[in-house]
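The values are calculated or read from the model by the stated rules, or taken from the named source; none is laboratory data. Because the structure is a prediction, the values reported are computed rather than measured. Please note: Cβ atoms are built from the backbone with ideal geometry, for glycine as well, and neighbour counts cover all protein chains shown. For accessibility, only protein heavy atoms count, side chains too; no ligands or nucleic acids. Shrake-Rupley method; radii C 1.70, N 1.55, O 1.52, S 1.80 Å.
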Amino acid sequence: MRVGPETKFAFRQTWPVLIGYGFLGMAFGLLLQHAGYHAGWAFLVSAVVYAGSMQFVLVGILSSGLGLPAAALMTLTINSRHFFYGLPFLKTFRAMGRRFLYMVFSLTDETYALFCQVQVPSELDRYKVMFRIALFNQIYWVGGSTLGAAFGEMARFNLKGIDFTMTALFTVILVEQWLSAALSARLSVLLGLACGVASLLVFGPDRFVLPALLLAVGLLVLLRPLLARMRRGGTTS
Amino acid sequence: MTAWQTLAVVAVVAGLTFVTRALPFWLFRSPDRPSAWLSDLNRLMPPAVIAILVVFCLKTVSLDAPKDSLAQLIGVALVALLHVWKRNNLLSIGVGTAVYMLLVQVVWPI
């Protein structure tokens with residue numbers, strides 16, 4: 001089998017997600033299995049839902065027998081942040097033809113973050129690379145979930161803390177945004193940090209993300225004329 | 001729960017998750033003439049959103065759990081410093097995660 005350059009490039013971008021999703025997926029599979037569902041369920045849920053934190057909540061919903069309205073409300077609340085992830089890719093995903101629906105479906109936190117950072121070399125097909133990044137990430141998640149549910153009990157290493165790869169990945173991407181040296185990007189980073197911390201302090205750890213995003217977007221809309229001029233005006237370096 | 005009830009819950013969660021991801025594509029259906037403010041916003045937003053995601057990852061940091069909080073903050077600071085210095089994803093993420101795991105497993109086991 002020949003492996004195309006886009007596939008290789010996409011894999012190089014996604015290896016931190018392989019580690020992070022692999023182990024987080026295993027944790028999910030193990031949890032689901034403890035709630036009384038076998039590996040087939042873990043595969044199904046990760047294949048059709050594909051939303052990390054929501055799937056952990058789903059295990060709670062299933063084991064406590066909460067009804068459909070509660071499940072619906074929790075999904076909309078927890079996943080509302082996803083609304084903001086599609087915005088930068090309205091045109092890009094549409095231009096991807098048959099892959100459009102999958103690109104929309106698979107836009108998780110991690111895939112979004114990689115898309116914000118990736119610089120595809122001009123000799124590669126950008127759409128192919130993005131599709132492969134999205135697909136690989138889901139394969140890691142589904143694979144981890146299924147393996148966790150099937151064999152999780154057999155794991156004997158102490159992997160406590162391995163999920164820090166996701167924090168590290170987001171931190172690296174944030175530093176990349178900062179190092180891009182555009183003054184507007186740096187202000188946006190600072191604004192995001194300020195809104196995130198302020199909202200965390202006000203609303204607490206379980207419900208701060210949506211207010212933080214709304215606040216950040218509101219402020220960016222207000223500051224847009226200024227920031228857009230900076231962006232077009234050049235960089236700090 | 002019966003298998004059918006479980007399937008119904010999974011279907012609702014999956015369907016609504018897709019709705020949250022598809023909503024912007026439905027709301028802004030005519031991208032041929034994107035308004036200037038939307039395209040500006042789309043360039044300005046990602047750094048702020050990633051910053052909020054980092055805060056999201058660190059949401060359990062609190063004075064009530066000083067050991068784990070300190071380990072997380074050290075880990076993030078290390079990742080950021082390594083990345084500013086060498087700009088190598090493998091190094092920053094690998095060393096940062098290894099140090100965090102060492103801290104929570106060996107140095108300050110909880």
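Below is a table of values for the structure above.
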| item | result |
| --- | --- |
| Euclidean distance between Cα centres, region A:74-88 to region A:108-135, Å | 20 Å |
| Relative contact order (%) - criterion: Cα under 8 Å, at least six apart; region: chain B | 17 percent |
| At least 20 Å along the helix axis (C-alpha) and Kyte average at least 0.5, DSSP helices within chain A | A:126-151, A:164-179, A:183-203, A:209-233 |
| Sequence-separation-based contact order of chain A, relative, with Cα cut under 8 Å and 6+ spacing, percent | 32 percent |
| Accessible area (Å², per residue) of chain B, counting only protein heavy atoms and a probe of 1.4 Å | 51 Å² |
| Share of carbon and sulfur in the accessible heavy-atom surface of region A:43-165 [1.4 Å probe, %] | 65 percent |
| Protein accessible surface hidden between A and B, which excludes ligands and nucleic acids, total in Å², probe 1.4 Å | 7000 Å² |
| Electrostatic dipole magnitude of the protein assembly as shown [Cβ: Lys, Arg +1; Asp, Glu -1; Cα centre; debye, to 20] | 1040 debye |
| Convex hull projection area averaged over all views, chain B, Cα basis, nm² | 12.4 nm² |
| Accessible carbon and sulfur surface of chain B relative to its total accessible area, %, 1.4 Å | 70 percent |
| Positive-end residue, the protein assembly as shown charge dipole about Cα centroid, Cβ charges, pick of B:22, A:159, B:9 | B:22 |
| In order through region A:102-108: 3J(HN,Hα) via Karplus (6.51 cos²θ - 1.76 cosθ + 1.60), integer Hz, x for Gly, Pro | 5, 4, 5, 4, 9, 7, 8 |
| Residue A:151 accessible area, 1.4 Å probe, all protein chains in place, Å² to nearest 10 | 110 Å² |
| Members of A:8/A:91; A:160/B:67; A:8/A:128 lying beyond 21 Å, as alpha-carbon distances in this model show | A:8/A:91 |
